[in-house]
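Read through the structure below, which is laid out as structure tokens, and then see the notes.
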Amino acid sequence: MTFRELNLKDEILSAIEELGYENPMPVQEKTIPFMLEQTADLVALAQTGTGKTAGFGLPVLHLIDASRKQVQALVLSPTRELCIQIANDLKGYAKNIRGMRIVAVYGGEDIRTQLRQLDTAPQIIVATPGRLIDLIERGKVELGAIDFLVLDEADEMLNMGFKEDIETILERTPDTRRTMLFSATMPKEISMIAKRYMKNYEEITVGTKNAGSENVEHIYYVSQARQRYLVLKRIVDLNPDIYGIVFCRTRQETKEVADKLMHDGYSADALHGDLSQAQRDNVMQKFRIRNIQLLVATDVAARGLDVSDLTHVINYNLPDDVEIYTHRSGRTGRANKKGIAVSIIHSKERFKIKDIERMLRKTFIQEQIPNGLDVCKKQLFFMIDRMEHVEVSEEQIETYMPQIMTQLEYLSKEELLKRFVSLEFNRFLSYYKNAEDLNLPERSERGERGERSVRPGGRVRLKMNVGEREGIDPKRLLGIINDVTGDKSINIGSIEVTNKFTFFDVFADQLDAVVSAFAGQSEVEVSEAKGSKSFEGGGSRKPEYRSRGSYGGGESRGGGYRGGDRSSDRAPRSSAGAGGEKPWRNRDLGDRSSRSSSSEGGERRSSGGSSYKGGSSSYKRR
Ligand code: AMP
């Protein structure tokens, strides 16, 4: 199919031809005829990179009247970066349409510039929801003549807490408008918005519902939580030409991982919400032009970044939500290229992998963490390959050749090669010479899978690597568990605090939830207490503190701490908040980084409360 066959206006056809678009992409083949020939609304399941901007942009530009100086189309997008990108794309498509004005309005930038641009009477506004509401309230944007409303990346807008703003905006637009909703995933909330605000809508899907791209291979490595960083380095070293994003849970972790990578000589940088907008733009630009190979980022900060040829997406930690996994992995394997989504997991997170596999209907492959030899071989041959293909500038090197030849005359070809390789490679070889095996020993894998020692009453003993010397007492412990799991149904039994460690009991069916919640953050480690003696009624130290609820040495549920009694003023753990803090320390010690789910990006409102629900073994899905 050609664009001409889609009956678009000549001004649009000439613009897309100048842009080098030859044929419509699948989403465009579906949306353009639908919008031009029918009258219903549209819900499209399509990920970024599928050509959806032209999918809605081209028919909208075709249908609105450039001679009418009113806002006729509104595009809502979750982030400033996406907003700017959409507006630029639309301007490109509209460049031959006389009088067509497109203005982008978004948070995090001086409103006065945007006010001036609005004075030019645009027909199309591309906006982030919060800033648009601000402008509506100031009387600067009038939506009464809107014919087309596009909700782009609707699932992301909901994740970012824009639901109410979107509803407010929808209610301000005329009922006669046509609405197009684009989303990479289709959670319940999106269907509810569609049902409530859209009339007889048609649903189209590009690719499989809720599935990652066909071109993405999903692999995972199982390691101990404390060796995550070393595993990451191995992965990166095994892929010398990697160009990818390393996703972390928190800003703190993002900073730590990026700092370590940079310190260790990798071409990396961090992208997170503590950076100013200018700093974020700068990092994104460096990454886009491939000045850096690895971008270490939080989900929120990476939202605005659209890079289509990533080789890898690395989950330094698994996200709390399958949909976030889908978004992350959908950033690779685009434009018919192969991509790899890698996850580094703790052995107790296997069930999360199973859940994601089920949701995505994909098989994940567990790979062995490469050893030093694998990595060295890969690096060496990468270098040899580069040497083989390097462009030799005869002209520039000619002058020096006679002297070089004379100086190295006595060396054989083999000697020469050895020396050149050593020059580049010695540092690497010595780093990996005695590198340890990071794979979990078979015994420990088996033990963690099956040989759990369940105590009377169905409880399992857990050990936390902090104790009295870090200021832990039972009440603090309960607070930490509350914060990290965000799950009030978790029932804590006997607690024992020693100088260096804290032991506590949980019911066996809640064990995975607790351990995996802690595995997601780097400060405190929780693992099954192997061979620890029971102390209930057995003379070990009895807990000496009581929280608001009760806990104690008894094995009965009645004696155990009841989640529901725990202080209700604690917010559930947000994906942004849990990992980076040191939850066992006092607030008054002042090192508790802000744990709210607020402003990572310019306009972020709330996290949308995505927390892994510890009580069941199902990964959170909407
Ligand atoms: P999007 O999903 O809208 O972000 O688009 C992904 C990329 O595909 C952008 O760089 C677009 O410029 C490009 N693109 C969109 N439509 C076409 C097309 N029909 N042919 C070639 N490239 C396209």
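The values are calculated or read from the model by the stated rules, or taken from the named source; none is laboratory data. Quick caveat, the model's predicted, so the values are computed rather than measured. Neighbour counts are summed over all protein chains in view; Cβ atoms, including those assigned to glycine, are modelled from backbone coordinates with ideal geometry.
Those helices (runs of 4 or more DSSP H) of the stretch 349-442 in which at least 1 residues are under 28 Å from the mean Cα position of the chain (by Cα), considering only elements entirely within it, cover 350-360, 372-389. Among residues of the stretch 281-298 being aliphatic (A, V, I, L, M) and not in a strand (DSSP E or B), the one that is nearest to the chain's Cα centre (by Cα) is MET284. Filtered by the rule that a residue be among the small types (Gly, Ala, Ser) and within 13 Å of the ligand (Cβ to nearest atom), the stretch 299-344 gives GLY304, SER308, GLY330, ALA335. When the stretch 436-466 is filtered for residues that are among the aliphatic types (A, V, I, L, M) and either modelled with pLDDT under 85 or assigned by TED's automatic domain parsing to the domain that holds ALA508 (or both), the ones remaining, listed by number, are LEU440, VAL454, VAL460, LEU462, MET464, VAL466. Once the stretch 40-55 is narrowed to residues that are more than 7 Å from the ligand (Cβ to nearest atom) and part of a loop (DSSP other than H, G, I, E, B), the residue that is surrounded by the fewest Cβ atoms within 10 Å (Cβ to Cβ) is ALA40. In the set (1) of a type in the set (S, T, N, Q); (2) within 13 Å of the ligand (Cβ to nearest atom); (3) over 26 Å from the mean Cα position of the chain (by Cα); (4) in a helix (DSSP H, G or I), SER14 fails one condition alone, (2).
In the stretch 81-94, is there at least one residue being more than 24 Å from the chain's Cα centre (by Cα), away from the ligand (no atom under 16 Å from the Cβ) and outside any helix (DSSP H, G or I)? Looking through the stretch 81-94, none of the residues is more than 24 Å from the chain's Cα centre (by Cα), away from the ligand (no atom under 16 Å from the Cβ) and outside any helix (DSSP H, G or I).
Looking at ALA127, ALA66, just one residue is of a type in the set (Gly, Ala, Ser), under 18 Å from LEU13 (Cα atoms) and away from the ligand (no atom under 16 Å from the Cβ), and that residue is ALA66.
Among the residues of the stretch 254-262, not a single one is in a strand (DSSP E or B) and either outside the structural domain of PRO26 (by TED's automatic domain parsing) or surrounded by fewer than 23 Cβ atoms within 10 Å (Cβ to Cβ) (or both). Scanning the stretch 183-206 for residues that are within 18 Å of ILE32 (Cα to Cα) and among the aliphatic types (A, V, I, L, M) yields ILE204, VAL206. Restricting attention to the stretch 17-39 and to residues that are crowded, with 24+ Cβ neighbours inside 10 Å and near the ligand (Cβ under 9 Å from one of its atoms), the residue that is farthest from GLY333 (Cα to Cα) turns out to be GLN28.
Inside the stretch 58-86, residues that are of a type in the set (Gly, Ala, Ser) and surrounded by 24 or more Cβ atoms within 10 Å (Cβ to Cβ) make up a count of 2. Considering the conditions (1) in a loop (DSSP other than H, G, I, E, B); (2) in contact with a strand residue (DSSP E or B) (Cβ under 9 Å, 6 or more places away or on another chain), VAL236 is excluded by exactly one of them, (1).
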